[in-house]
């Protein structure tokens, strides 16, 4: 029987194809399950309680943030991001995005995955006690990363670009 081990060995022999071909869903599940503990990092220095403020980055450069979010359950949210990107499907026009504002994020995750099957890293930067505090902290972090010239994929970036700057 052709198993996961044989599939990994096959793709390792043809690196050019590995960049182009999505992994079959069982192989992708195996990959995510093995890499997830190293991709979810809490750097807040706080006990996990309430709402997590997090960033998504390329694991090769964690300082170059691409997305800022907030969630009660970071591990589950990272898995949701990966699932919504549907990494097992081919690269035709991604018709499955329910929210057009999230399309750039999931296209970035798919592009990252095409490069040696990389997955985004999630860094929890803070914990807040309420949803109101979480929304405020998320927005402040978005503004901070935009000020640092990071190419965020958050929808809020578009909203802020439309606003007139105050003198």
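Which of 42, 91 has the fewest other C-beta atoms within 10 Å, and how do the rest follow up to the most?
Ascending number of Cβ neighbours within 10 Å: 91, 42.
Fully extended, how many nm does the chain gain between residue 147 and residue 46 (0.36 nm per residue separation, minus their Cα-Cα distance)?
Value of the extension gain: 33.8 nm.
Give the peptides 131-144, 109-122 in descending order of average Cβ contacts within 10 Å, highest first.
Highest mean packing first, the order is 109-122, 131-144.
Residue 35 versus residue 83, label points 7 Å from Cα toward the beta carbon: distance in nm?
Spacing of the two 7 Å Cα→Cβ label points: 1.9 nm.
In which sequence would 127, 108 go, from the one with the fewest C-beta neighbours within 10 Å to the one with the most?
Taking fewest neighbouring Cβ atoms as first place, the list is 108, 127.
Tell me, in nm to one decimal, what length is gained between residue 131 and residue 61 on full extension, where the rule is 0.36 nm per residue of separation less the Cα-Cα distance?
22.3 nm
Every read-out reported here was derived from the displayed coordinates using simple, explicitly stated rules and does not represent laboratory data. From a predicted model like this one, the values you see are computed outputs, not experimental measurements. Every residue, glycine as well, gets a Cβ built from its backbone with ideal geometry; the counts of neighbours run over all protein chains shown.
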